[in-house]
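All remarks here apply to the structure that follows.
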Amino acid sequence: VANFLSPLSFLSFSIPGSDYSPPPPLPRPPPPVGVVGLAPEHIPTPGAALSWQAAIDAARQAKMMGRGPISTASSTQRKRQHYTAKPKKQTTTTATRPPRALLCLTLKNPIRRACISIVEWKPFEIIILMTIFANCVALAVYIPFPEDDSNATNSNLERVEYLFLIIFTVEAFLKVIAYGLLFHPNAYLRNGWNLLDFIIVVVGLFSAILEQATKGDGATPIGGKAAGFDVKALRAFRVLRPLRLVSGVPSLQVVLNSIIKAMVPLLHIALLVLFVIIIYAIIGLELFMGKMHKTCVHNLTGTIAEEKPAPCAPDGAYGRHCTQNGTQCRVGWEGPNDGITNFDNFAFAMLTVFQCITMEGWTDVLYWVSRTPKQCFCVCVD
């Protein structure tokens with residue numbers, strides 16, 4: 001009120017016929033020291049308004065006196081102090097271990113404690129990774145031979161293969177004792193990569209035991225057939241062993257999982273390609289069903305006259321005709337590629353169209369189809 005009335009103090013007026021005189025101006029009260037605490041230079045004069053900077057400084061000084069000091073730290077520093085004050089989580093892996101392994105081994109069991117120490121030992125992981133890499137090199141150096149043929153290099157590699165199998169078996173055995181087999185959420189077989197490792201080990205053990213059990217007195221070369229049973233069929237699972245590198249390197253797991261997730265949107269493109277294959281397979285069925293089983297045959301013997309037989313057309317039809325003397329185009333040939341390349345049914349038609357899409361041997365299919373009997377044939381070349 002004093003600040004408001006002080007500018008009007010120069011006005012003096014009186015009412016006629018009265019003794020009224022204006023009251024003297026009210027004195028300006030001193031600033032409330034200890035409440036607001038304005039600096040002398042920020043104390044406004046009568047009739048003057050506070051500047052923005054003076055108002056901000058006054059509010060800041062009032063807050064300092066009333067609520068304590070104002071922190072001038074940035075929001076990043078305050079967040080850092082907030083998170084620093086939080087207690088850190090324990091990084092121990094004890095909670096991930098089942099209380100019992102194989103229904104009998106507790107965490108206090110000395111055997112299990114030793115297995116846990118071994119499988120979580122960093123040099124042990126390095127040894128396993130080096131073994132996997134060496135196994136990959138051995139698989140790359142191995143040269144397959146038909147039937148029971150082999151050489152000295154393959155024989156030595158087969159013997160080294162037993163060493164790899166023993167190391168992988170010991171690793172799986174130690175992890176089963178350390179983490180349990182199946183019933184705990186963090187058990188050995190609950191992890192997809194560990195399940196792949198376990199299947200590879202089991203198949204390797206089964207093939208090795210079966211080879212030794214079925215081997216008769218006349219021992220066959222290592223890697224061949226043992227007593228009529230082809231062990232090579234089971235050894236085809238060895239190609240999965242390089243995938244163990246993924247289970248040993250977590251960064252590779254992230255990359256592979258990202259690739260798998262990226263393949264999901266490509267499913268629509270795969271469906272489109274499948275639709276195109278189905279359409280052209282139906283067209284092939286309508287045009288060439290049963291027309292790729294005729295070839296040139298000797299009239300007297302009934303045998304195929306050509307070293308590399310190809311479809312032909314009988315006299316009077318468009319297509320390839322038999323020009324060799326004493327031959328005739330007859331039905332009875334199984335067809336190109338041992339009867340695989342044809343349009344006799346929907347499955348083989350889709351397979352033939354897929355072969356053409358992959359650009360592998362599509363020219364052979366073109367020539368075979370062009371030689372079949374037909375009313376007319378047109379080839380468009382760009």
Just checking, does the stretch 213-225 include any residue being in contact with a strand residue (DSSP E or B) (Cβ under 8 Å, 6 or more places away or on another chain), in a loop (DSSP other than H, G, I, E, B) and either modelled with pLDDT of 90 or more or surrounded by 15 or more Cβ atoms within 10 Å (Cβ to Cβ) (or both)? yes
The stretch 235-274, subset of a type in the set (Gly, Ala, Ser) and surrounded by 14 or more Cβ atoms within 10 Å (Cβ to Cβ), residue nearest to Glu125 (Cα to Cα): Gly248
Have a look at Phe168, Phe206 and point out the one that is in the same structural domain as Arg244 (by TED's automatic domain parsing), in a helix (DSSP H, G or I) and either aliphatic (A, V, I, L, M) or under 25 Å from Ser251 (Cα atoms) (or both). Phe168
Might you let me know whether the stretch 351-368 holds any residue that is free of Cβ contacts under 8 Å to residues at least 24 places away in the same chain, in the same structural domain as Ile279 (by TED's automatic domain parsing), charged (D, E, K, R) and on the phi < 0 side of the Ramachandran plot? yes
Within the stretch 336-350, take every residue that is crowded, with 19+ Cβ neighbours inside 10 Å and of a type in the set (A, V, I, L, M, F, W, C) and give me the one that is farthest from the chain's Cα centre (by Cα). Phe343
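Per-residue answers, yes or no, for (1) among the hydrophobic types (A, V, I, L, M, F, W, C); (2) on the phi > 0 side of the Ramachandran plot; (3) part of a loop (DSSP other than H, G, I, E, B); (4) at pLDDT 55 or above:
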residue	(1), (2), (3), (4)
Gln81	no, no, no, yes
Thr84	no, no, no, no
Lys89	no, no, yes, no
Ala95	yes, no, no, no
Lys108	no, no, yes, yes
Arg113	no, no, no, yes
Ile118	yes, no, no, yes
Pro123	no, no, no, yes
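Return the only residue of Gly316, Gly290 being loosely packed, with under 11 Cβ neighbours inside 10 Å and not in a strand (DSSP E or B). Don't jump to the end; show me each part of the working.
Values: Gly290 fails: loosely packed, with under 11 Cβ neighbours inside 10 Å.
Answer to the selection: Gly316.
The values are calculated or read from the model by the stated rules, or taken from the named source; none is laboratory data. Since we're looking at a predicted model, the values are computed, not measured. Neighbour counts are summed over all protein chains in view; Cβ atoms, including those assigned to glycine, are modelled from backbone coordinates with ideal geometry.
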